[in-house]
1. Considering only segment 66-84, I want to know if a residue exists there that is open to solvent by less than 70 Å² (accessible area, probe 1.4 Å) and at positive phi.
2. When you scan segment 167-177, how many residues do you find that are open to solvent by less than 60 Å² (accessible area, probe 1.4 Å), farther than 13 Å from Ile119 by Cα and not small (Gly, Ala, Ser)?
3. Just the residues that are assigned to a strand (DSSP E or B) and open to solvent by 20 Å² or more (accessible area, probe 1.4 Å), please, taken from segment 98-156.
4. Pairs needed: first member in segment 1-24, within 14 Å of Ala179 (Cα to Cα); second member anywhere, open to solvent by 100 Å² or more (accessible area, probe 1.4 Å) and not in a helix (DSSP H, G or I); C-beta distance under 9 Å; at least 6 residues apart or different chains.
5. So which residues in segment 157-169 are part of a loop (DSSP other than H, G, I, E, B) and either touching a helix residue (DSSP H, G or I) at 6+ places or on another chain (Cβ under 7 Å) or aromatic (Phe, Trp, Tyr) (or both), if there are any at all?
6. Kindly indicate whether Ser41 is on the phi < 0 side of the Ramachandran plot, touching an Asp or Glu at 6+ places or on another chain (Cβ under 9 Å), surrounded by fewer than 18 Cβ atoms within 10 Å (Cβ to Cβ) and assigned to a helix (DSSP H, G or I).
7. Only one of Ile28, Ile23 is in a helix (DSSP H, G or I) and under 15 Å from the mean Cα position of the chain (by Cα); which?
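The values are calculated or read from the model by the stated rules, or taken from the named source; none is laboratory data. This structure is a prediction, so every number in the text was calculated from the model and none was measured. No Cβ is skipped: glycine too gets one built from the backbone with ideal geometry, and neighbour counts run over all protein chains shown. What goes into the accessible areas is simple: the full protein's heavy atoms, side chains included, and nothing from ligands, DNA or RNA. Shrake-Rupley method; radii C 1.70, N 1.55, O 1.52, S 1.80 Å.
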Amino acid sequence: MLISVENLVSCLISRIDLFNQLIKADDILLKIHKVGQLLKSTVCGGFMVLICGNGGSAAEAQHMAGEIVGRFMVERDGLPALALTADPVTLTAVGNDYGYDEIFARQVTAFKDSAKLLILLSTSGNSKNLIQAALRAKNHKITTIGLLGRDGGALKELCDFSIIVPSWSTPEIQEVHLAIIHMLCKYVDGDHQ
């Protein structure tokens with residue numbers, strides 16, 4: 001298939017349409033607001049936020065952790081966040097010894113005393129390793145937030161807060177997740193703006 005300028009325009013229009021849906025979705029915006037406040041109170045209270053996902057969502061998890069530990073828009077002290085996707089030694093050791101479904105859950109247990117929040121990024125909401133991480137977080141009384149797509153999958157019911165992007169297109173879901181991540185990071189910057 002040859003890509004034309006018309007294809008590019010169509011691609012942009014579909015993204016604009018999706019963002020316009022979100023602007024009109026008061027329930028989603030209210031959840032983003034509540035999650036932003038929770039994220040800020042967690043990290044500013046000295047507790048860690050854990051973030052995980054697979055594939056492109058793993059990259060977004062690392063991006064979010066970097067914005068919290070480093071900075072987003074303003075200069076401020078670094079705050080506690082950890083992408084559970086960032087350590088290949090831990091991922092491969094746990095995957096080899098306990099199975100791929102445990103790569104995040106095992107880390108949730110390891111950080112249970114310092115973490116109060118787990119953010120799970122998934123376009124489908126059905127990744128077994130994320131489901132296991134959410135269940136483990138529940139066992140340790142860690143609040144769970146799902147940035148999800150499609151119909152939310154199994155994680156929709158497991159997470160304390162589920163923010164579901166109303167799309168079945170993986171790239172569109174990931175693009176909106178990144179925008180939501182940046183919105184949430186504005187709350188972290190908060191008083192420093």
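1. no
2. 5
3. Lys116, Thr143
4. Pairs that qualify, where the first residue is within 14 Å of Ala179 (Cα to Cα) and the partner is open to solvent by 100 Å² or more (accessible area, probe 1.4 Å) and not in a helix (DSSP H, G or I): there are none.
5. Result: Cys159, Pro166, Ser167, Trp168.
6. In short, no.
7. Criteria check complete, one pass: Ile28.
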